[in-house]
Amino acid sequence: MKKTRLFFIISLIFLSFLLGRFTAPKISEIQIENTSVSVCDEVVSKVDHKVEVFEGKPALVNFDSLPDAKLFQTTISEQSLNGPNFAGHYTVATWGCGTECQGYAIIDAKTGDIVDYEPYLENQVSYGLSFELDSNILTLNPKSSNQEYLDSIKGSSVSEVVANDFEAHKARIYYQLIEDTDEAYLRTLCVENILDGQF
C-alpha cells in the first residue's frame, strides 16, 4: 500500500513538472485567421425560399388577430397600405424605439391578420431587418453594406475587431416564414455572430 501511495505521489510530481514546462500559449500569442466565414450563407442558399407574389389589394389590418399590436396601430396600418414587401403576400411594418431598438409586425396582406409582432427588439438591432417580396427569409442584422465600416476593419484580425467593435457580441439571425394550413410563423433558420462573413 505504501509503495502504491509513493508511486502515486512521484507520478503527480513528475506530471506537475511536465505541465509546468509545457503550458498553453497565451491568448496574445495565438494567431487568428484574418477572415471570417458565414456558415449561414451556405444554410440559406440550400433553402427553397422563393415565393409567389400577391398582386391584389391589401386587406385592412385585423387588430383583433393580435390586440397587443394596437399600441402601434397607426404605423402598422399606414405601412400595410403600401402592400406586401415580404414573402409574397406579407407586409413587414417597422418602427424605431430608441438607440439600437427596432420593433416590427408582419401582416398577411390577403387576410389582414398579424402573424408576428415584436414591439421592442432592444439592444439587439444594429443593422435593422432585411427582407424581400419574393423571398420568405427575414434577417435580423443583415451583413453591413456600409463600405466605410468594411474598409475600416479590412486587414484587422478577428481579435482586433472584437476588441474595438462594441457590436461584436450581437447576433445575425436568419428566419424563414413558414405557412401551415392554419397559421404562419417565423422559424429560426440560422444564427451567427454579426461579424461573420464581414471581413
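The residues of the stretch 97-118 that are farther than 16 Å from S130 by Cβ, free of Cβ contacts under 8 Å to residues at least 40 places away in the same chain and surrounded by fewer than 21 Cβ atoms within 10 Å (Cβ to Cβ), listed by number, are C97, G98, T99, E100, C101. What about E122, is it charged (D, E, K, R), more than 19 Å from E183 (Cβ to Cβ) and out of contact with any helix residue (DSSP H, G or I) (no Cβ under 8 Å at 6 or more places or on another chain)? Yes, satisfied. Consider the stretch 147-178 and keep the residues that are in contact (Cβ under 8 Å) with a residue 40 or more places away in the chain and of a type in the set (D, E, K, R). The one that is farthest from E192 (Cα to Cα) is K154. Taking the criterion of being part of a strand (DSSP E or B) and in contact with a Pro (Cβ under 7 Å, 6 or more places away or on another chain), the residues of the stretch 82-122 that qualify are Y90, T91, G103. Find the residue count for the stretch 151-199, including only residues that are more than 17 Å from D108 (Cβ to Cβ), surrounded by fewer than 19 Cβ atoms within 10 Å (Cβ to Cβ) and among the basic types (K, R). Counting residues in the stretch 151-199 that are more than 17 Å from D108 (Cβ to Cβ), surrounded by fewer than 19 Cβ atoms within 10 Å (Cβ to Cβ) and among the basic types (K, R) gives 1. Would you check which residues across the stretch 65-85 are aliphatic (A, V, I, L, M) and touching a Phe, Trp or Tyr at 6+ places or on another chain (Cβ under 6 Å) and list them? If the condition is that a residue be aliphatic (A, V, I, L, M) and touching a Phe, Trp or Tyr at 6+ places or on another chain (Cβ under 6 Å), then L66, A69 are the ones that fit. Which of the residues spanning the stretch 162-199 are assigned to a strand (DSSP E or B), over 11 Å from the mean Cα position of the chain (by Cα) and not basic (K, R)? Once the filter is applied, which keeps residues that are assigned to a strand (DSSP E or B), over 11 Å from the mean Cα position of the chain (by Cα) and not basic (K, R), the stretch 162-199 yields Q176, L177, I178, E179, A184, Y185, L186. So which residues in the stretch 123-132 are modelled with pLDDT under 95 and either β-branched (V, I, T) or not in a strand (DSSP E or B) (or both)? Within the stretch 123-132, N123, Q124, V125, S126, Y127, G128 meet the criteria. Residues in the stretch 133-148 that are more than 19 Å from the chain's Cα centre (by Cα) and either of a type in the set (S, T, Y) or assigned to a loop (DSSP other than H, G, I, E, B) (or both): 2 in all.
If I filter the stretch 59-81 for residues that are in a helix (DSSP H, G or I), surrounded by fewer than 13 Cβ atoms within 10 Å (Cβ to Cβ), polar (S, T, N, Q) and modelled with pLDDT of 90 or more, do I get at least one hit? Yes - at least one qualifying residue is present in the stretch 59-81.
The values are calculated or read from the model by the stated rules, or taken from the named source; none is laboratory data. In this text, all values refer to a predicted model and were calculated from it rather than measured experimentally. Glycine also receives a Cβ, built like all others from the backbone with ideal geometry; neighbour counts cover every protein chain displayed.
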